[in-house]
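Asker: My questions will all concern the structure given below.
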Amino acid sequence: MFRTLPTPEPTEFAGKRAIVTGGSRGIGAAIVQRLIEGGATVVTTARNATDETPKAATFIPGDISTLAGVEAFAAAALAELGGAEIVVNNAAAARAHLGGISSIPDEEWIDALNLNYLSAVRVNNALLPALRETGAGSVIVNISSGAALTPAPPLAHYGAAKAALNAYGKALAAELAPAGIRVATIVPGNVLTPGADAIRQDFADAMGVSLTDTTAAIPLGRPGDPRDIAEAVAYLASDRAQWITGTSLIVDGGELPIV
């Protein structure tokens, strides 16, 4: 069972401006809320807001699976905030194809790359001038997936896109380090979110097991809570992690392989 976390320090991110993609629910909403609780001013986006979307954030609806959508969102976010110190690329989606890799349509490979990988590249490119203007101390956190490390055939398109995100984050960190801008990647394991639960249910049905059986082998005894990932983001975005860049932090309860 998830244990209650200590109350965040309300001035940890005081004066910091954060931009979070995919912040309407699940992991993204938890990240937005955690940054707000730490004192940050947050702008987030998704196609639509939900009941989970933190009300204290500024929500800008949009589709960042396209370059035009990213450019529109980035311009609106910077107009709202006047700059940025923290960028979190969390937008993602996947659909399992139980028929295997050959059953994944070509357009879904393209869609997977656009949303799960290229959206982060495009968001970062659009915001880099503002981050460079802010200077040392700015942070980019990309949210990847355990599917990048243990890709199942029905999710090969999603895993491949997230593996590309991992490699990109490492390269971007090396490029931006001289400017004092840090880049880190978080690799979540099995986290309880509406989207991930739907995929796990597909696998459970195909295997003839229960939904809880799909996360029963996690060494720490439970699936992840979105707040587990949000706490990792808060750490990497804070000055406590000022000598950390280029890393991929696995947050998985001990389930994924060591890389």
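The values are calculated or read from the model by the stated rules, or taken from the named source; none is laboratory data. On a predicted model such as this, the values are computed, not experimentally measured, just so you know. Note that each Cβ is placed from the backbone with ideal geometry, even for glycine, and that neighbours are counted across all protein chains shown. Just the protein is used for accessible areas: all its heavy atoms, side chains included, with ligands, DNA and RNA removed. Shrake-Rupley method; radii C 1.70, N 1.55, O 1.52, S 1.80 Å.
Asker: Give me the residue from the stretch 206-254 that is crowded, with 21+ Cβ neighbours inside 10 Å and of a type in the set (Gly, Ala, Ser) and, out of that set, farthest from Val141 (Cα to Cα).
Answerer: Checking each candidate, the answer is Gly224.
Asker: To continue, here is another question. Restricting to the stretch 93-104, give me the number of residues that are buried (at least 18 other Cβ atoms within 10 Å of the Cβ) and hydrophobic (A, V, I, L, M, F, W, C). Don't jump to the end; show me each part of the working.
Answerer: From the stretch 93-104, those buried (at least 18 other Cβ atoms within 10 Å of the Cβ) are 94, 96-97, 104; that's our starting set.
When the remaining residues are screened for being hydrophobic (A, V, I, L, M, F, W, C), the result is 94, 96, 104.
Summing the residues that are buried (at least 18 other Cβ atoms within 10 Å of the Cβ) and hydrophobic (A, V, I, L, M, F, W, C) in the stretch 93-104 gives 3.
Asker: Sticking with this structure for a sec: Being farther than 21 Å from Asp111 by Cβ, in contact (Cβ under 8 Å) with a residue 24 or more places away in the chain and of a type in the set (Gly, Ala, Ser) narrows it down to one residue among Ala241, Ala204; which is it?
Answerer: Details: Ala204 fails: in contact (Cβ under 8 Å) with a residue 24 or more places away in the chain.
Answer to the check: Ala241.
Asker: Please tell me if Lys170 is modelled with pLDDT of 95 or more, outside any loop (DSSP other than H, G, I, E, B) and surrounded by fewer than 19 Cβ atoms within 10 Å (Cβ to Cβ).
Answerer: Yes.
Asker: Could you identify the single residue in Thr150, Thr185, Thr193 that is hydroxyl-bearing (Ser, Thr, Tyr), within 14 Å of Ile250 (Cα to Cα) and under 13 Å from the mean Cα position of the chain (by Cα)?
Answerer: On inspection, the qualifying residue turns out to be Thr185.
Asker: Considering only residues of the stretch 6-24 that are over 15 Å from Ala237 (Cβ atoms) and within 19 Å of the chain's Cα centre (by Cα), which is surrounded by the most Cβ atoms within 10 Å (Cβ to Cβ)?
Answerer: Here the residue is Gly22.
Asker: Out of curiosity, is Glu107 of a type in the set (D, E, K, R), part of a helix (DSSP H, G or I) and surrounded by fewer than 15 Cβ atoms within 10 Å (Cβ to Cβ)?
Answerer: So Glu107 fits the description; yes.
Asker: Under 7 Å between Cβ atoms, which residue pairs at least 6 apart in sequence (or on different chains) link something in the stretch 49-63 that is over 13 Å from Gly28 (Cβ atoms) with a partner that is among the acidic types (Asp, Glu) and open to solvent by 30 Å² or more (accessible area, probe 1.4 Å)?
Answerer: So the pair list comes out as Thr58/Glu80.
Asker: Out of all the residues in the stretch 25-55, which are in a loop (DSSP other than H, G, I, E, B) and either surrounded by fewer than 21 Cβ atoms within 10 Å (Cβ to Cβ) or of a type in the set (Gly, Ala, Ser) (or both)?
Answerer: Result: Arg25, Gly38, Gly39, Ala40, Arg47, Asn48, Ala49, Thr50, Asp51, Glu52, Thr53, Lys55.
Asker: Output the number of the condition that Thr134 fails; it satisfies all remaining conditions of (1) surrounded by 24 or more Cβ atoms within 10 Å (Cβ to Cβ); (2) out of contact with any Ser or Thr (no Cβ under 6 Å at 6 or more places or on another chain); (3) within 19 Å of Thr41 (Cα to Cα).
Answerer: (1)
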